[in-house]
Amino acid sequence: MKRIGKMTLAIVVALCLTACAAGQSACLKSRMDRHEVRSLDFWQDYRRGNLEDRLHAAPQPLLDYLHLDNRLNGYDTRPQAAVADDSFRQDVRQALAELPGPVQAAVKEKLIGIFFVRNLGTTGYTEAVADPQGKPAAGFVVLDVESLRRTANAWATFRENTVFQNDGEGRLRVTLEEAPNDNAKNAIQFILLHEFGHLVSIGERFHPDWLDKTKTEGTYLFYPLSWRKAKDGSNVSLFEDVFPERRDVRFYGEPRLKSSQMEGVYRSLAMTNFVSLYGATSPFEDFAESFALYVHSAWMKKPYRVEITQSGNRVFLYESCWDQPRCAAKRAVLEKWFSRFRKP
């Protein structure tokens, strides 16, 4: 047997101590909580310049962190660094430049950077980063360059269809853009708006933070409009009686609902104050989708429609709710918060 040097032995021991066996969620969560990318100090060389200057290939520690997150959530994919081509980077820059001024100001305050990867397992990702005192202070956004080649309507339709198993009954189509604006740049823009919804919520009082678990339910501005805490600590929708299908809504996984249920699902959704089906999945997605669709529809005057058809005939049309009473309370919260970024 060859002798293992002291340095090599130390490395082997360290790897053994930090490795997590498959299925060890507590171990994976602990490693993520202590990971260097969750510290603001790690990102001191990134958080500079205008929004369009903060576009980067993902550094190795970030790739390691994303892999831990995928393992924790049961995804097999292992993210890898990606160098976006000039066309893709130009689409991202243009998508950012077209955002309303108050949105750019709100995002610039907290964005560390937008990092490009491939094989992420989803389209986009956002994580909070803590300051030296341990308080959530900023965040980074990750985009999968390989999954962002669709036009806006094609991407949105694909995402929505992942909820339903096709049983031959019922089809849906999502419209985010009218022709000729249905392009990849506007798909990127909407995805960024969703991720920016997660980003701007960091350190705010909309809903529980990822890192700060000290706040109580009564301190939140957005959360109580649609959610309450169950005795076991889980988040329960206030609309379970009118929207019981919500518990079976799962995006990007094994579908629990069938395409023949589409009409009923969206009719039930329209009886709630959730702005989209994706927004009904959790308090975090609720706010991110509300932020994205408020900017997209109410400010930028772009469409949001989900058309359900059966045998070629339209049976239901779900549309943006910002002019409807059911979304008035959420609109008021967003407008009051955004007022701080409007120039007098």
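Would you say Leu238 is among the hydrophobic types (A, V, I, L, M, F, W, C) and without any contact (Cβ under 8 Å) to a residue 40 or more places away in the chain? Spelling it out, Leu238 is indeed among the hydrophobic types (A, V, I, L, M, F, W, C) and without any contact (Cβ under 8 Å) to a residue 40 or more places away in the chain.
Among the residues of segment 308-344, write down those that are among the aromatic types (Phe, Trp, Tyr) and either over 27 Å from the mean Cα position of the chain (by Cα) or not in a helix (DSSP H, G or I) (or both). Phe316, Tyr318, Trp322, listed by residue number. Looking across segment 267-294, the residues that are in a helix (DSSP H, G or I), of a type outside the set (D, E, K, R) and either modelled with pLDDT under 95 or more than 17 Å from Asp241 (Cβ to Cβ) (or both) come down to Tyr278, Gly279, Thr281, Pro283, Phe284, Phe287, Ala288, Ser290, Phe291, Ala292, Leu293, Tyr294. Applying the set (1) in contact (Cβ under 8 Å) with a residue 12 or more places away in the chain; (2) closer than 30 Å to Ala105 by Cα; (3) among the basic types (Lys, Arg); (4) out of contact with any His (no Cβ under 8 Å at 6 or more places or on another chain) to Lys301 leaves exactly one unmet item: (1).
Do we have any residue at all in segment 114-123 that's on the phi > 0 side of the Ramachandran plot and in contact with a helix residue (DSSP H, G or I) (Cβ under 9 Å, 6 or more places away or on another chain)?
yes
The values are calculated or read from the model by the stated rules, or taken from the named source; none is laboratory data. All figures in this text were calculated on a predicted structure; none of them were measured in a lab. Ideal geometry is used to build each Cβ from the backbone, glycine not excepted, and the neighbour counts take in all protein chains shown.
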